[in-house]
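Right, one structure below, let's go through it.
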Amino acid sequence: MLDINKIDVCYGEIQVLRQVSLKIQEGQVVSLLGSNGSGKTTTVNSISGVLPLTQGTIEFMGEDITKVEPHVRVGKGLVQIPEGRCVFPSLTVKENLEMGSYLKGAKAFRRESLDLVMTLFPILRERTGQRAGTLSGGEQQMLAIARGLMSKPKLLILDEPSLGLAPILVEDIFKSVLRIKSEGVTILLVEQNVPQALGISDYAYVLEEGSVGLSGPGKDLLNNAHIKKLYLGL
Amino acid sequence: MNIYYILQSLIDGLLIGGVYSLVAIGLTLIFGVMRIVNFAHGALMMLGMYTTYWAFNLLHIDPYLSILICVPVLFIIGAAFQKFLITPILDAPEHNQLLLTLGVSLFLENLAVFLWSPNYRVTRTSYEFAYLYIGDLSISLQRVLAFLTAMVVTGIVYFLLSKTDLGKAIRAASEEPRGALLMGINVRRIYWITFGIGAACAGVAGSATAPFFPVYPTVGGIFVITAFMVVVLGGMGSVLGAFAGGLIIGLADAVGGMIFPGAMKSIISFILFILILLFKPTGLFGSKN
């Protein structure tokens, strides 16, 4: 579904990604793991088109999207929920969700999508008229995910959805990722929360200093000695 | 100083305050969404006044009807300004944008001198001297029309921003451009639409005042200095604040005019302005960020 082929990304003179390649199959949950500064967010921002590539190509659903503008990629079903959520604080929860279905294709399904996300995240139903800025961190994260779902994504990229949340909420977020998968959405999950992410992943890539260090099915990586040592502290 | 004199001044102040509101709403919208201080706003208003003047003198279109011409003309000018001049330097430091809008302002004013001479021109309508009388109060029909125009346009802008998808996208892009882009909102397009709307507001304010204000190339400056005060008073980026601020400054000028000699009538507005800067720099309706 998504085919990233040997991409390089630079910030000015500094090269952040080196020959990164990854593949995502339709219907899977794929994790992108790695420590701080390993290039996870850079990778997903390149996939969303916010950062230009210096080399390599990105294919989505068989189409080369390397040069396609970010807002156009959303229309093709490639949606990112950014790190830090980026909800619109002075807009109400409902308005935030409506903005998720701003594009024509998604707008036609606005009512059904609203029903779907309210069922997935019942708390949002209680908060529809409230300004997003007044929600708690966990609620904002749910709103950000729900807003992304309003765009009718084929591939949903979640950049550190559990960042800064209490453990019980992290649990909730991971459960909702699985529910979204069961709705037929393919997921790329960026996480520092390695054991939990691997637990729900069909496949995982580990970035180390801007290149893919390890990759394999989630369960295999959980038992990998290198992973255990580096990320699980075992 | 009798009660009628006071009432008369307050009404006149309120009526012109409505026009200040409209100029300020355009300014605050552009600032709120793009973080651009538009020094060319006065020049845009001037273009609106000339549009109305020429529509009236060449085509015999009533000034208040010429708004229908003025809105698309100024929208296109504003949108083109954003798209072709500001977009390329969006990521440049703020003072570059400042120089750019100031430069465009100088260019437009001098273009007006070149095309239409620096002479004062007056739009003379058939109802120039029509007044509404309430007791001893006489209220100029043109000023009432200007006020009503300003209120209607303010209402439309407010409705647009709060109820339509485009308006919500404008607000979304102003708060979280990154989040908006990742939701499929073409933020650059939103920017030029917003600038177009802001310019159209300035243009309408120009049309509305042209019947009772002389038109000349640097006329916008008078209104825009006031509008900058209104924007700070109401809170940078707040449409509601710009609306309320315009009326407050209009009234403050009226009160000033009653107490002080004509040339010093703005003294109260300026004192208000300084007090706001000192004690509530975010403005009456401004948000903390």
Kirkwood Rh for region A:2-232 from C-alpha pairs, in Å, is 17.9 Å
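Estimate the FRET efficiency between B:S126 and B:I222 by the formula 1/(1 + (r/R0)^6), using the beta-carbon distance for r and 30 Å for R0, to the nearest 0.05. List each step's numbers first, then the result.
Details: r = 26 Å, r/R0 = 0.88.
In this case the efficiency is close to 0.70.
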Net length gained if the chain between B:N2 and B:L111 were fully extended (0.36 nm per residue, minus Cα distance):
34.6 nm
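Would you mind giving the mean number of other chain beta-carbons within 10 Å of the Cβ of each residue in A:87-95, as a whole number?
Details: counts 4, 11, 5, 5, 5, 1, 0, 1, 7.
The per-residue average across the peptide is 4.
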Hits among aspartates and glutamates - C-alpha to C-alpha of A:K219 under 14 Å, sequence gap 8 or more where chains match:
A:D202
Looking at B:G13, B:F260, B:V23, which one has the Cα that reaches farthest to the positive end of the dipole of chain B (charges on Cβ: Lys, Arg +1; Asp, Glu -1)?
B:V23
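So in chain A, what percent of DSSP beta bridges are antiparallel if you round to the nearest 5?
On the way: 20 of 38 bridges.
Among the beta bridges of chain A, antiparallel pairing accounts for roughly 55 percent.
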How many percent of DSSP beta bridges within the protein assembly as shown run antiparallel, rounded to 5?
60 percent
20 Å Cα-Cα reach of B:K265 towards aspartates and glutamates, excluding residues that sit fewer than 8 places from it in its own chain
B:D12, B:D253
Relative to the longest principal axis of the C-alpha atoms of chain A, give the angle of the C-alpha long axis of helix A:137-150, reported between 0 and 90° and rounded to the nearest 10°.
90 degrees
For chain A, longest principal axis from Cα atoms; helix A:167-182 axis from its Cα atoms; angle between them, nearest 10 degrees, is 90 degrees
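In deg cm²/dmol and to the nearest 500, what is the mean residue ellipticity at 222 nm of chain B if only DSSP H runs of at least 4 residues count, each as -39500 (n - 2.57), divided by the residue total?
Details: 11 runs with 200 residues, N = 289.
When only DSSP H runs of four or more count, the value is -23500 deg cm²/dmol.
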If R₀ is 60 angstrom, what is the calculated FRET efficiency for the pair A:N36 and B:I156, using the beta carbon separation as r and rounding to 0.05?
0.80
Give the angle, between 0 and 90 degrees and rounded to the nearest 10, that separates the Cα long axis of helix B:239-259 from the longest principal axis of the Cα atoms of chain B.
30 degrees
How many angstrom separate the Cα center of region A:167-207 from the Cα center of region A:145-163?
11 Å
Too long at a 21 Å Cα-Cα cut-off: which of A:K154/A:K175; A:K6/A:K175; B:K163/B:K280; A:K6/A:K229; A:K94/B:K168?
A:K6/A:K175; B:K163/B:K280; A:K6/A:K229
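Across all directions of projection, what mean area in square nanometres is found for the Cα convex hull of the protein assembly as shown?
Details: hull surface 114.9 nm².
Taking the Cα atoms of the protein assembly as shown, their convex hull projects to 28.7 nm² on average.
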Between region B:217-285 and region A:79-122, the Cα center-to-center distance that results, in Å
39 Å
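Here, each number is a calculation from the coordinates, and none is a lab measurement. Owing to the predicted nature of the structure, the values given are computational and were not obtained by experimental measurement. Positions of Cβ are backbone-derived with ideal geometry, glycine not excepted, and every protein chain shown enters the neighbour counts.
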